[in-house]
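To start, the structure under review is shown below, and the notes come after it.
The values are calculated or read from the model by the stated rules, or taken from the named source; none is laboratory data. Worth saying up front: this structure is predicted, and the values here are computed from it rather than measured. Glycine gets a Cβ as well: all are built from the backbone with ideal geometry, and neighbour counts include every protein chain shown. In case anyone asks, the SASA skips ligands and DNA or RNA and just uses the protein heavy atoms, side chains included. Shrake-Rupley method; radii C 1.70, N 1.55, O 1.52, S 1.80 Å.
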Amino acid sequence: MVADNGRPTSSLPSWAIEVQGLTKSFGHQLALTGTDLTVRPGEAIVIFGPNGAGKTTLIKVLATIMKPSAGSVKIDGLNLKDNAEEIRCRLGVVSHQTFLYSNLTAYENLEFYSRMYNVPTRTQRIREVVDMVGMISRLYDRVGTLSRGMQQRLSIARSLIHKPSIMLLDEPETGLDQQATAMLWEALKSEGKEKRTILLTTHNLERGLEVGERLLILAQGKITYDKPKQGLDLSELKEAYQHYTRVKA
Amino acid sequence: MNFWSKVLTIAWKDALSEIRTREIIFSVLVFTLLVIVIFNFAFSANQQMIELVAPGILWVTFAFAGVLSLNRSFIMEKEQACLDGLMMCPVSREVIYVGKMLASLLFMLVIEAIALPGFAFLFNLAVLSPQLIAITVSTTIGFVAVGTLFSALAVNTKAREMVLPILFFPITVPIIISAVQASKLALAGEPWTKLSPWLQIIGTFDIIFLAVSFLVFAFIIEE
């Protein structure tokens, strides 16, 4: 059996993301302190945490931008240390920064990334993802001339260009209005029959509760709270957030 | 094959961005021509003196121009964290290094191709000889090999404009001295055999620093 993306599906790993004892330090400063985390394929998890909790560092390590100081990370059963390039093919990353070149047009940016990801039928795929985020009319405009919200939509199109199975989202709603946010969640969740694995980091408890199936709190570089969404309401979540982070939600 | 297609994609992206903004080539070219004009006024009295100092002027100018140009190479990647976007692509770090280096090499060669005739005209010297072109191309390869590596290192520091020259100039001293000496012989009309020891030093520098930069780039960019 072969999946949409051409990879065999007969031996699917039990975890899409498996992190054990992950530590990341910058000099003497510890950003992650022995973090453990597992995410099932197709699961949507939300990690909450105050500024400096280590959310962006966690995303950067999972995205293979940063090397961990200690611990192990597996994506789709592949060890990050030995299979970084293969892992990058499976990841889509959206952050509050767009990773787009402002001097190039939307099309040129997407063409650049699709070439880098070896996307077949590039022109067709670029039109598909741009259509998904409602930006087709601005395809040939320079990114620098687009509003912040439009740039963010384009960034989401960029992250989907290679049909990733795992989405890493670091405050992805920056600059988006409510309508665009709703539309984009639909685009991010699935494409075709395949349900994507989603790891979202955010400060926004309401939004996280809405989109996540499992809710976690990262405080001082460690996962301190991990509960399924079922039966959890916003007030309980706020209480837990305050308790574990010592920050008023 | 895949390696080179990705390298060319990165170089194409940089070239396209440069065509749009003319940020590097235009500003560095203006700087280069201004420096040449200033030196021309400073040494205008005596042709004999000009012949003596011209190689030094040429390579000091190109070295400064190189630093300015290379500084821009990774600053562009910092905007909207494009460097992170590049690092998330399924390519080895070496692809990024060679792609960025190739684009910088192209920009530097364009600047030099325009500046050299200007230099020849102002100083009344026959600089457009095959020898001098060979020296210029081989020395520029060494410049960008080292400069791309240090530019990647400097871009994450606060005083990046200062860090690159501080790292770049001490390392490139051997190649600058060799280029000046080889250019002196080329301008005097000496044959290739006289130039070959200096060209060998330049070639060795290029090979060593291309290899070292290729090997250590991943460590520099990830930490």
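Data overview
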item: Failed item in (1) more than 24 Å from A:Lys189 (Cβ to Cβ); (2) surrounded by 21 or more Cβ atoms within 10 Å (Cβ to Cβ); (3) more than 8 Å from chain B (Cβ to nearest Cβ), with A:Thr23 passing the rest; result: (2)
item: Test: A:Gly49 is crowded, with 19+ Cβ neighbours inside 10 Å, of a type in the set (Gly, Ala, Ser) and either away from chain B (no Cβ under 14 Å) or touching a Phe, Trp or Tyr at 6+ places or on another chain (Cβ under 7 Å) (or both); result: yes
item: Lone unmet requirement of (1) modelled with pLDDT under 95; (2) assigned to a helix (DSSP H, G or I); (3) surrounded by fewer than 19 Cβ atoms within 10 Å (Cβ to Cβ) for B:Val137; result: (1)
item: Subset of segment B:17-41 (residues that are within 14 Å of another protein chain (Cβ to nearest Cβ), over 10 Å from B:Leu68 (Cβ atoms) and aliphatic (A, V, I, L, M)); result: B:Ile19, B:Ile25
item: Residue satisfying condition, being under 27 Å from A:Asn118 (Cβ atoms), in contact (Cβ under 8 Å) with a residue 60 or more places away in the chain and open to solvent by 40 Å² or more (accessible area, probe 1.4 Å), within set A:Lys67, A:Lys74, A:Lys60; result: A:Lys74
item: Meets criteria (open to solvent by 10 Å² or more (accessible area, probe 1.4 Å), within 24 Å of A:Asn103 (Cβ to Cβ), within 14 Å of another protein chain (Cβ to nearest Cβ) and not polar (S, T, N, Q)) for B:Arg72; result: yes
item: Given (1) within 14 Å of another protein chain (Cβ to nearest Cβ); (2) in a helix (DSSP H, G or I); (3) open to solvent by 10 Å² or more (accessible area, probe 1.4 Å), index of the condition B:Pro90 fails; result: (2)
